[in-house]
Amino acid sequence: MLADVPWRWEVVEHSLEAKNGFWLPNEAPGLGIEVNETAAAKHPFKQEALHATTIRAHDGAILDW
C-alpha cells in the first residue's frame with residue numbers, strides 16, 4: 001500500500017524503515033506513524049467502485065480488480 005495514492009507521504013508522517021521487504025521495529029509509540037490532519041483534509045474519502053467482482057477464487061477472493 002505504499003503507492004496506493006500519490007499524496008500518501010504528505011498525509012502520513014513516519015520514521016519507519018524497511019529492510020529486506022520487512023518493516024523494522026522502531027521506538028515510536030503505536031504504529032510509529034502520525035497523520036497530518038491538515039493534509040488529510042485536502043483528500044476527503046471517495047468510495048471506489050469495485051470492478052469485475054464476479055471473478056473469484058475458490059475461497060471467495062476477488063482475482064481481477
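Within the range 8-23, can you find the residues that are assigned to a loop (DSSP other than H, G, I, E, B), exposed (fewer than 12 other Cβ atoms within 10 Å of the Cβ) and modelled with pLDDT under 90?
Residues of the range 8-23 assigned to a loop (DSSP other than H, G, I, E, B): 15-17, 20-21.
Within this subset, residues satisfying the condition of being exposed (fewer than 12 other Cβ atoms within 10 Å of the Cβ) are 15, 17, 20-21.
Passing the criteria: S15, E17, G21.
Tell me which residues, restricted to the range 24-47, are exposed (fewer than 10 other Cβ atoms within 10 Å of the Cβ) and either farther than 19 Å from E10 by Cβ or not polar (S, T, N, Q) (or both).
As a first pass, look at the range 24-47 and keep what is exposed (fewer than 10 other Cβ atoms within 10 Å of the Cβ): 25, 27, 29-30, 37-38, 41, 44-47.
Of everything in the range 24-47, those that are exposed (fewer than 10 other Cβ atoms within 10 Å of the Cβ) and either farther than 19 Å from E10 by Cβ or not polar (S, T, N, Q) (or both) turn out to be P25, E27, P29, G30, E37, A41, P44, F45, K46, Q47.
Note down all Cβ pairs under 6 Å where the first residue falls in the range 31-48 and is part of a loop (DSSP other than H, G, I, E, B), the second is surrounded by 10 or more Cβ atoms within 10 Å (Cβ to Cβ) and acidic (D, E), and they're at least six residues apart or on different chains.
Note: pairs meeting the criteria are N36/E13.
The values are calculated or read from the model by the stated rules, or taken from the named source; none is laboratory data. Note that the structure is a prediction, hence the values are computed from the model and not measured. Cβ atoms come from the backbone with ideal geometry, glycine included; neighbour counts cover every protein chain shown.
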